[in-house]
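A short worksheet on the structure shown next.
Values in this text are rule-based calculations from the coordinates and carry no lab data. As the structure is a computational prediction, the values presented were derived from the model and not from experiment. FYI the Cβ positions are ideal-geometry reconstructions off the backbone, even for glycines, and counts take in every protein chain you see.
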Amino acid sequence: MANESSSFKLTYLLVGLGIGAAVGILFAPKTGEETRDLIVGKTRDGAQWVTDRSNELSKAVQGVAKDAGRKIDRLAKASNGLADRIGLS
């Protein structure tokens with residue numbers, strides 16, 4: 001339930017930001033060409049930001065996965081050692 005509420009809040013925030021940006025662009029005192037150039041530039045900036053955050057997230061997830069793998073290996077070795085000592089293997 002908490003995740004759904006957070007998801008809706010994020011959705012509303014993004015929709016609000018989009019509407020605000022669109023209204024701001026429509027009422028901006030720039031020529032059409034300047035406005036289009038601004039939109040293209042901001043879109044590229046946004047795409048680069050998303051790419052950068054995706055790469056950061058990917059690296060973080062890989063780090064967590066590697067750490068989890070090492071912990072699982074240690075646990076498996078410890079459990080095998082314990083099983084050998086008590087004669088279960």
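Which aspartates and glutamates does Lys77 reach when only Cα atoms under 18 Å apart count, and residues fewer than 8 places away in its own chain are ignored? The reachable aspartates and glutamates, counting only those whose Cα sits under 18 Å from Lys77, are Asp67. Of all the options Thr31, Thr51, Thr11, the one that moves most in a Gaussian network model of the chain with Cα springs shorter than 10 angstrom is Thr11. The label-point distance for Ser7 and Val50, in a model that sets each label 7 Å from Cα toward Cβ, rounds to 1.9 nm. Seen from every direction in turn and averaged, the convex hull around the alpha carbons of segment 31-89 projects onto 4.4 nm².
Where in segment 2-89 are there chymotrypsin sites (Phe, Trp or Tyr not before Pro) that are in a DSSP coil and have at most 15 other Cβ atoms within 10 angstrom of their Cβ? Qualifying residues, ordered by number: Phe27.
Positive end of the dipole of the chain (Cβ unit charges, origin at the Cα centre): among Val15, Gly41, Ala83, the Cα lying farthest that way belongs to Ala83.
Put a plus charge on the Cβ of each Lys and Arg, a minus charge on the Cβ of each Asp and Glu, and nothing anywhere else: the dipole of the chain about its Cα centre is then about 440 debye. Note on the chain: GNM, Cα springs under 10 Å; of Arg70, Arg53, Arg44, the largest mean-square fluctuation is that of Arg70. By how many degrees, between 0 and 90 and to the nearest 10, does the Cα long axis of helix 32-86 differ from the longest principal axis of the chain? Roughly 10 degrees between the two axes.
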